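Undergrad: Below: one structure in structure tokens.
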Amino acid sequence: PVPTLGAIVSTFIVPIGGPVRSKGFEFEGTALLSRGVTVGGSLSYNHTKYSTVDPRILASTAAVVGGPTQYLPGTLQPAWTGSVWGELNSKPFANGSSVSFRIDANWHDKFRLAANPDLVIAAFAPYNFAPAAWIVNSRLALKDITIGGVNAEVALWGKNLTQNRDINYALNLKAALAANYQAARTLGVDLKIRY
């Protein structure tokens with residue numbers, strides 16, 4: 001017998017349905033505290049809802065779990081996100097160079113990784129959600145260095161300084177699970193030359 005397409009390909013992509021309705025807000029602010037000292041932050045909220053879900057999605061899940069099922073909106077999308085940052089720029093030194101330091105922290109709340117929780121087997125249940133997390137980055141630069149007639153900048157930077165290694169994506173294939181995690185702490189040095 002000739003195998004059916006469903007027996008060969010285990011994953012199909014179909015439109016979720018719709019229309020998709022989304023509402024929320026975003027706030028962003030910046031303040032100059034004193035000469036050379038600036039701080040800022042942001043906060044946003046987003047709520048997503050499907051007016052209808054394609055019946056094929058619900059039917060295929062119901063066939064696997066053997067009963068009523070659901071398809072949840074907002075997957076891979078935190079409802080709340082925010083950030084805070086601060087930047088310090090020194091006055092120029094006698095040679096014209098200056099120092100700049102910036103630190104920022106970006107936050108998101110807990111978000112869903114599986115749109116069809118009914119399909120998740122018990123062993124993979126801990127991977128249904130990504131936890132709320134802060135990611136902290138910083139950069140320290142010595143700017144406007146004059147070297148042999150050219151202008152240079154040297155900077156030290158770090159990403160994910162708190163070494164957050166939380167899960168941020170999961171692909172649940174019922175019998176197996178693949179996952180991505182927050183990239184590890186990264187440190188680096190930049191050298192910029194303008195001529």
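Undergrad: Between the helical axis of 55-65 and the dominant principal axis of the chain, each derived from Cα atoms, what acute angle in degrees is found, rounded to the nearest 10?
TA: That helix lies at roughly 80 degrees to the long axis.
Undergrad: Ser34 versus His47, label points 7 Å from Cα toward the beta carbon: distance in nm?
TA: 4.3 nm
Undergrad: Residue by residue through the range 176-182, which ³J(HN,Hα) values in whole Hz follow from phi under the Karplus form 6.51 cos²θ - 1.76 cosθ + 1.60 (θ = phi - 60°), with glycine and proline marked x?
TA: 8, 9, 10, 9, 10, 10, 4
Undergrad: Could I ask something else about it? Pick the calculated Rg and Dmax of the Cα atoms in Å for this structure from [x] 17.4, 54; [y] 19.4, 67; [z] 24.3, 85?
TA: [z]
FYI, it's all coordinate maths here, none of it is from the lab. Just so we're clear, the structure is a prediction, and the values are computed from it rather than from any experiment. Every residue, glycine as well, gets a Cβ built from its backbone with ideal geometry; the counts of neighbours run over all protein chains shown.
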